[in-house]
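Worksheet: one structure, shown below.
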Amino acid sequence: MKKDLELVKFNLTPSMSFELIKFNKLKKELNKLKELYNLDKNEELLLKIKDLENELIKCRNTFIREFRLNNQDEITTYLQIKDQF
């Protein structure tokens, strides 16, 4: 089963790559801000954290939407293989 699933190759478009890179950068920045916030509980930092969390959600949703659009056949194949086992 695992070998069959590994044969399914998903597509990664440039826009999807951009979203992944953006997501990782935002996540690192968010983690740093959370560490700073834990030290001094600054309200301004909390607002920045909330903004970054919202941006992360948008970024993740954009990637998922793109992934589903560009990998419809691959997703179907993957699910069919998975359902066999």
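The values are calculated or read from the model by the stated rules, or taken from the named source; none is laboratory data. Just so it is clear, the model here is predicted, and its values are computed rather than measured. All Cβ positions, even for glycine, are placed from backbone atoms using ideal geometry, and neighbour counts span all protein chains on display. Quick note on the areas: whole protein, heavy atoms, side chains included, nothing else; ligands and nucleic acids left out. Shrake-Rupley method; radii C 1.70, N 1.55, O 1.52, S 1.80 Å.
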Hey, any hits in region 12-19 for a residue that's without any contact (Cβ under 8 Å) to a residue 24 or more places away in the chain, in a helix (DSSP H, G or I) and among the small types (Gly, Ala, Ser)?
yes
Suppose we filter 9, 3, 28 for residues that are open to solvent by 50 Å² or more (accessible area, probe 1.4 Å), more than 19 Å from the chain's Cα centre (by Cα) and among the charged types (D, E, K, R); which single one remains?
3
Residue list for region 1-59, restricted to those being within 24 Å of residue 70 (Cβ to Cβ) and among the polar types (S, T, N, Q)
11, 13, 15, 17, 24
